[in-house]
Amino acid sequence: MYKRIIRPLLFTFPPEGIHRAVAKLLPVFFAIPGIKPLMRKTMVVRDPRLERKLFGLRFPNPVGVAAGFDKEVSLYNELGYMGFSHVEIGTITPGAQAGNPKPRLFRLPEDQALINRMGFNNLGVEDCITKLKKKNPQIIIGGNIGKNTSTPNEKAADDYCFCFGKLFSFVDYFVINVSCPNIKDLQKLQDKDETLKILHAIQDINKAKDPPKPVLLKISPDLSHGQLDDIIDIIRETGLQGIVATNTSPLRENLQTPRKKISDIGQGGLSGRPIKHKSTRTIAYLHKKTGGTIPIIGAGGIFSAADAIEKLQAGASLVQVYTGFIYQGPGIAKQINSHLLKK
């Protein structure tokens, strides 16, 4: 029903506007008496064989929601009722910011893809904490953190540390986002020395906690083998617990969408099917190079159980969806988990 009726209707509206509308309506829908137990019964696949123990956490299944879907920290529990095991909120920055000018989110139906240049639009870390306190999470929460656009790169570590300290008591793990292509000069922080500066500062705070929280690094799908080797060195040197592979891509490769439409859209991060193989290759390289000693969360182009299995077989321990959710609908977690049990 989603693909035949609901998706065509939703796709008649601008993507960002309809996402915000759905985000406001979903909590209202779930507040209807009887809806939560009904959704648990029909959408959540429970089986001990699906469980994953990672970073000292127990994930009921390997399927989560990537950062960017719940930017305003309002949907995490509802996503849990849809069968997901974890949600990465954010990206969260110290202060609220509006992000880039609209329009900034675009669909590419011919490619089953999205292009976004949202620009870390969010309501800031204090608003995030207020919401997490008000609606106690019933799902594993990852805190994806970044710097405010106005903060110069030389002071970026201060922003990451501020968010880390504020959110520490309210999330289960952290993801450091230095790879988003939609923040001016942010990707320069992927330089090895710059990344080390940020991660060492965060880990100095983290190691003083009892117990510390798992910290992961989110990386681009466009890194060379040499750059991935640097990532491995960085993870080992700083003692991070894992990698999220991968973020969106600024490149426009092998697209079916007409060139003029792509040109008219302009800059932004590409997600969905076109980056599926890039993401999988990145996971496979990291897994092989490290002998599986660094846990990986796989993201990028997951639209089906087969896509998720591809990521898991390449070496991912967990997977995350975003664009696949938009195109396939809220039953995607159930579909993947049910198929994993058959395998």
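Bear in mind these aren't lab numbers, they're just calculated from the coordinates by the rules spelled out. All figures in this text were calculated on a predicted structure; none of them were measured in a lab. Note that each Cβ is placed from the backbone with ideal geometry, even for glycine, and that neighbours are counted across all protein chains shown.
Using only DSSP helix segments of four residues or longer, with each worth -39500 (n - 2.57), what per-residue ellipticity at 222 nm results for the chain after dividing by its residue count and rounding to 500? Using -39500 (n - 2.57) per qualifying helix, the result is -12000 deg cm²/dmol. Amide H of residue 108 versus every other amide H placed in the peptide plane: which residues, excluding those fewer than 5 positions away on the same chain, fall under 5 Å? For residue 108, whose amide H was placed from the backbone, the distant partners under 5 Å are 113, 114, 115.
Mean projection of the Cα convex hull over all viewing directions, computed for region 41-182: 10.1 nm². Given the pairs 288/334; 24/342; 71/278; 131/192, which span a C-alpha to C-alpha distance of over 27 angstrom in this model? Long pairs (Cα-Cα over 27 Å): 288/334; 24/342; 131/192. Fewest neighbouring Cβ atoms within 10 Å first, the residues 233, 193, 172 line up as 193, 233, 172. Spin-label model, residue 3/residue 209: points 7 Å from Cα along the beta carbon direction are separated by 4.1 nm. Ordered by the number of other Cβ atoms lying within 10 Å of each residue's own Cβ, fewest first, 72, 310, 88, 110 fall into the sequence 110, 72, 310, 88.
By DSSP, the beta bridges lying fully in the chain are antiparallel in about 30 percent of cases. Working from label points 7 Å from Cα in the Cα-to-Cβ sense, the residue 225 to residue 130 distance is 5.1 nm.
Normalising by the residue count of region 287-343, find the relative contact order in percent from Cα pairs under 8 Å and 6+ residues apart.
Values: 65 pairs, mean separation 20.6, N = 57.
After rounding, I find 36 percent.
With 16 Å as the cut-off, how large is the P(r) tail for region 27-82, expressed as percent of Cα-Cα pairs? Counting every Cα pair in region 27-82, those more than 16 Å apart make up 54 percent. If the chain linking residue 341 and residue 262 were pulled fully straight, counting 0.36 nm for each residue of separation and taking away their Cα-Cα distance, it would gain 24.5 nm.
With contacts taken as Cα pairs under 8 Å and at least 6 residues apart, region 2-342 reaches a relative contact order of 18 percent. What is the diffusion coefficient of the chain in µm²/s, taking the Kirkwood radius over Cα pairs and the Stokes-Einstein relation at 4 °C with a viscosity of 1.567 mPa s? Diffusion coefficient, whole number: 64 µm²/s. Averaging the sequence gap over all C-alpha pairs within less than 8 Å and six or more residues apart, then dividing by the number of residues, gives region 42-101 a relative contact order of 33 percent.
By the count of neighbouring beta-carbon atoms within 10 Å, fewest first, 1, 82 end up ordered 1, 82.
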